[in-house]
Amino acid sequence: MLKEFIECPGALVAVLSGEIDQYGAAYLRSKIDIETELSGKKNLVLDLSEVSFMDSAGIGLIIGRAKNLSPIGGRVALAGAEKKLKRILELGGVTQLCRLYPNYRKAVEDMIK
């Protein structure tokens, strides 16, 4: 589920919550892509601090956003993932594409350096 978008200098933050499965991932993909384009931001932070579960569709959502932003010099960062979710992200190969941060503020701070 998408809670909100936060526009920060240098990045758009999408605050997510609940379970990200095959049903929610398509909705999130559409909303995030539209908002990223409208904001004009090339960097995206996904705040996962309230996400309790993610399956392969969630992994695909993250990887797809990273691949979309890469050609324009953008990147995706992940923030606030709990230990169980971090493990899922590591096993899915996401951490090879996206850095993990303790919270979205740290991620945004790193992106504007």
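For the chain, the share of accessible area belonging to carbon and sulfur comes to 51 percent (1.4 Å probe, ligands and nucleic acids excluded). List the relative contact order of the chain as a percent without decimals, with contacts defined as Cα pairs under 8 Å and 6+ residues apart. For the chain, the relative contact order is 28 percent. Can you list the lysines whose alpha carbon sits under 21 Å from that of Lys113, skipping same-chain ones fewer than 8 residues off? Leaving aside lysines fewer than 8 places away in the same chain, those within reach of Lys113 are Lys41, Lys42.
Tell me the net charge near Phe53. Cut-off is 10 Å between Cβ atoms, Phe53 excluded, with +1 for each Lys or Arg and -1 for each Asp or Glu.
Taking every Cβ under 10 Å from that of Phe53, the sum is -2.
Its Kirkwood hydrodynamic radius, worked out from the mean inverse distance over all distinct Cα pairs, puts the chain at 13.5 Å. Compute the distance from the alpha-carbon center of the stretch 79-96 to that of the stretch 45-60, in whole Å. Cα centroid of the stretch 79-96 versus Cα centroid of the stretch 45-60: 9 Å apart.
How high is the relative contact order of the stretch 1-49? Use alpha-carbon pairs under 8 Å, at least six apart in sequence, and give a whole percent.
46 percent
Among Val76, Val45, Val94, the residue with the largest mean-square fluctuation in a Gaussian network model of the chain, with springs joining Cα atoms closer than 10 Å, is Val94. Average accessible surface for the stretch 1-96: 51 Å² per residue, computed with a 1.4 Å probe over protein heavy atoms with every protein chain in place.
The values are calculated or read from the model by the stated rules, or taken from the named source; none is laboratory data. Quantities reported herein were computed from a predicted structural model and do not represent experimental measurements. Glycine also receives a Cβ, built like all others from the backbone with ideal geometry; neighbour counts cover every protein chain displayed. Accessible surface areas use protein heavy atoms only, side chains included; no ligands, DNA or RNA. Shrake-Rupley method; radii C 1.70, N 1.55, O 1.52, S 1.80 Å.
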